[in-house]
Structures are given as structure tokens and as C-alpha cells.
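**Student:** Quick one: the structure is below, questions incoming.
The values are calculated or read from the model by the stated rules, or taken from the named source; none is laboratory data. Note that the coordinates shown come from a computational prediction; the quantities given were computed from them, not determined experimentally. With ideal geometry, Cβ positions are generated from the backbone for all residues, glycine too; neighbour counts draw on all protein chains shown.
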Amino acid sequence: MMAAVCTRANAKLAERGEPPLPRITPHSLRHTWCSVMFAIGEPLPNVLADGGWADPSLPLRIYAHSMRRDPDENARLKAPVEGNEMAPIGTGDRLRVRRAGPRGKPRNAKARS
């Protein structure tokens, strides 16, 4: 299933002239998920419960880097978690998002304040 999703994503990236996704494994997905949750300020008990950790020391040691990100980058990461489209990197459009409309299609872009 993951291979099919990555193949479709890489096809869309190629259409845009962007590089393909790096190799994706269950471990890398879990690492990315936890990093994003900490970066966007998800409460520690929620991350621990959803990630299956009983002891907070391991995820805090490994993922502490996520909590030190630039606030603008954290806002950019939060967009897809909230169902919005991330602004492209380097556009300076970090808070402009496209809200998902019916059937997951993006609506017109709207600035968030």
C-alpha cells in the first residue's frame, strides 16, 4: 500500500518538476509524525499515548529538535495537520493556506491572520 501511495506522490511531484520522495519506511513515518506533533505543540501526553510510549524520556531525547524549530516553520507544518495545504518552501507565504473543500479539493487560497 505504501509503495502505491509513494508512486502516485512521485508522479505528482514529477509533474511539478520537483524531486521524488526519499525512501519511506514505517520507521521514517513514525519519526516524521512524532517530530511534526512536537513541532506544532501537541501536548506531550497526547504524543506519548498516540505513539505508544509509556516513558517520556525516549521521545523527548530523540525528538527535542522538533521543539526548537522556528515558529514560522511550525506554523507551516501545522497546516496539513489541520487539513490545509502547506505553502511552498521559500515563498515567504508561510501562513497562506488552501483549505480543503468538498472531496479534498483545495478551495481558493486565503491568508490567515
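**Student:** How do the helices (runs of 4 or more DSSP H) wholly within segment 27-84 filter down when requiring 1 or more residues that are charged (D, E, K, R), within 16 Å of the chain's Cα centre (by Cα) and surrounded by 17 or more Cβ atoms within 10 Å (Cβ to Cβ): which remain? Spell out how you get there, then give the answer.
**Tutor:** On the way: elements: 44-51, 57-67, 71-81.
It comes to 71-81.
**Student:** Also, I was wondering about something else. Scan segment 19-52 for residues that are more than 20 Å from ASN74 (Cβ to Cβ) and modelled with pLDDT of 90 or more and jot them down.
**Tutor:** Correct list: PRO19, PRO20, ALA49, GLY52.
**Student:** Determine whether ILE89 is at pLDDT below 90, touching a helix residue (DSSP H, G or I) at 6+ places or on another chain (Cβ under 9 Å), of a type outside the set (Ser, Thr, Tyr) and surrounded by 11 or more Cβ atoms within 10 Å (Cβ to Cβ). Show your work before the answer.
**Tutor:** Details: at pLDDT below 90: yes; touching a helix residue (DSSP H, G or I) at 6+ places or on another chain (Cβ under 9 Å): yes; of a type outside the set (Ser, Thr, Tyr): yes; surrounded by 11 or more Cβ atoms within 10 Å (Cβ to Cβ): no.
So ILE89 fails the test.
**Student:** Now a separate question. Cβ-Cβ distance below 7 Å, separation of 6 or more or different chains: which pairs start in segment 1-29 with a residue that is closer than 28 Å to TYR63 by Cβ and end on one that is among the polar types (S, T, N, Q) and surrounded by 10 or more Cβ atoms within 10 Å (Cβ to Cβ)?
**Tutor:** PRO20/ASN10; LEU21/ASN10
**Student:** Right, another one. Just checking, how many residues over segment 53-76 are closer than 29 Å to PRO19 by Cβ and either at pLDDT below 75 or not hydrophobic (A, V, I, L, M, F, W, C) (or both)?
**Tutor:** 13
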